[in-house]
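Read the structure below first, then the notes.
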Amino acid sequence: MESDCRIPVACCRPRVLVLHALFWGLVSLRVFGAALLSEDKTSAVKAVAAPCWLVEEFVVTTECSQCNAFQTRSWSSCGVTGYVERVNCTRSNRDDYKSCRSAVMEEHLFWKFEAAMLALTALFAVLVVIRQRWLDRLASEKVRRQIESI
C-alpha cells in the first residue's frame, strides 16, 4: 500500500517551481523595499530639527482632518497619512502640525482588509472543492482499474 504522505508530482514541475520562486521573490522584494523606504524616511526626519510635539507636551487644537492637494504637496506632515491635526506645544507655546490617522481612514482600511480576506476565503474554498473532486476522480479511476484487472 502506498503512503499518502508524499509530495504530489505536480508540485515539482518546473512551471510550479518558477511560480513559487517568483511569488516569494516578489513578497521579499516588497518587504525589504518597505524596510529600505522607511529607513530613508527616518534618516530624513533625523536631519531636520525635531518638531516640538516630539520633545514636549502638546494640546490638540484642531482635530484630525484630511489634507487638501496644496497641503499634501507643501507640508511634510501631510505626506505620511494624508491627514493632519494642529497641535499647540505647551512649553514653547508654538503651533505645529502633526500627522495623524483618521477614524474614517482606519475604518475604510479595515473594510478593505475584510473584503480581501472574504475574497481569499471564497477563492481557497473553491480551490479545495475542485482539488477534492479531482482527487475523488483519481481514486475512483484507480478503483475501476483494479476491478478491471481482476
Any idea how far the Cα center of segment 22-37 sits from the one of segment 85-108, in Å? 31 Å
In Å², what does the accessible area per residue of segment 104-146 work out to with a 1.4 Å probe? 90 Å²
In nm, to one decimal, how far is the LEU26 label point from the PHE113 one, both placed 7 Å along Cα→Cβ? 2.2 nm
So if we plug the beta-carbon distance of ARG101 and PHE124 into 1/(1 + (r/R0)^6) with R0 = 25 Å, what FRET efficiency do we get, rounded to 0.05? 0.20
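The values are calculated or read from the model by the stated rules, or taken from the named source; none is laboratory data. It should be emphasised that the depicted structure is a prediction, and the values quoted were computed from it without experimental measurement. Heads up, the Cβs are rebuilt from the backbone with ideal geometry, glycines too, and the neighbour counts pull from every protein chain shown. What goes into the accessible areas is simple: the full protein's heavy atoms, side chains included, and nothing from ligands, DNA or RNA. Shrake-Rupley method; radii C 1.70, N 1.55, O 1.52, S 1.80 Å.
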